[in-house]
Amino acid sequence: MYLRTLHLQQFRNYANQFVEFNAAKTILLGDNAQGKSNLLEAVELLATLRSHRATRDRELVQEGQETAYVTANLERSLATADLALVLRASGRRTVALNGETLRRQADFLGVMNAVQFSSSDLGLVRGSPGQRRDWVDALLTQLEPVYAAILQQYNQILRQRNALLRQKQEKPPMACLPLIPTN
Ligand SMILES: Nc1ncnc2c1ncn2[C@@H]1O[C@H](COP(=O)(O)OP(=O)(O)OP(=O)(O)O)[C@@H](O)[C@H]1O
Ligand SMILES: [Mg+2]
């Protein structure tokens, strides 16, 4: 898989930026706050539909605008793929693959694969087991998109289980079962 083009409109500090990746490797150089991390964040969003530094889509949309558009063209082993992500300052995001809007966002995952490594990833070695689990979960979701739905179900059941155990602990002690961390 190869990322051929990336088009950012009203995304972060980019009003309208089209980028074509022609070389085998690309190095982004720029001044502080010029938008290097923003560009990588757009790639991360296309691959995972998540950003490691934004919790709400409002942050991703250019200040003063209502909608951001992130589109890309991928070269894959069998065919090319056009990815489109529309982010709204207020409202739900929409995703499209090859010009067709997808009803389930999970169908967008797995089309583009990306691995990110930054200094904050040292937390993988030094941080909590929860961080390592999150990292593996994100990787698995890209390889096997169905994993996203399974993970959501699993987390919901885990929360219910822990809530039940907490309820029981508030009553006179019975069997003492350990709580499993939910992160
Ligand atoms: N929603 C937004 N609307 C407009 N501008 C934004 C938005 N979010 C971030 N910015 C701007 O993006 C710029 C930061 O971009 P970015 O973090 O990509 O820089 P960088 O090139 O990675 O810099 P550094 O070298 O310091 O890491 C800042 O000027 C910030 O004001
Ligand atoms: Mg940066």
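What follows draws every value from the coordinates through simple rules; no lab data is involved. As the structure is a computational prediction, the values presented were derived from the model and not from experiment. Here the Cβ positions follow ideal geometry from the backbone for every residue, glycine too, while neighbour counts run over all protein chains shown.
Below, the figures for the structure above:
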quantity	calculated
For the chain, convex hull of alpha carbons as volume per residue, Å³	166 Å³
Two-site FRET efficiency, T55 against Q34, from Cβ-Cβ distance with R₀ of 30 Å, rounded to 0.05	0.80
Gain upon complete extension [V43, L124; 0.36 nm per residue less C-alpha separation]	27.0 nm
Length-normalised contact order for the chain - Cα pairs under 8 Å, 6+ apart - percent	18 percent
Cα→Cβ-extended label distance, 7 Å offset, between T101 and E20, nm	3.1 nm
Neighbour-count ranking [beta-carbon atoms within 10 angstrom, fewest first] of E63, E44, E75	E63, E75, E44
Most mobile listed residue (N155, N38, N13) in the chain, GNM with C-alpha springs under 10 Å	N155
Cross-link reach list, aspartates and glutamates versus K36, counting only Cα pairs under 16 Å and skipping chain neighbours closer than eight places	E20, E44
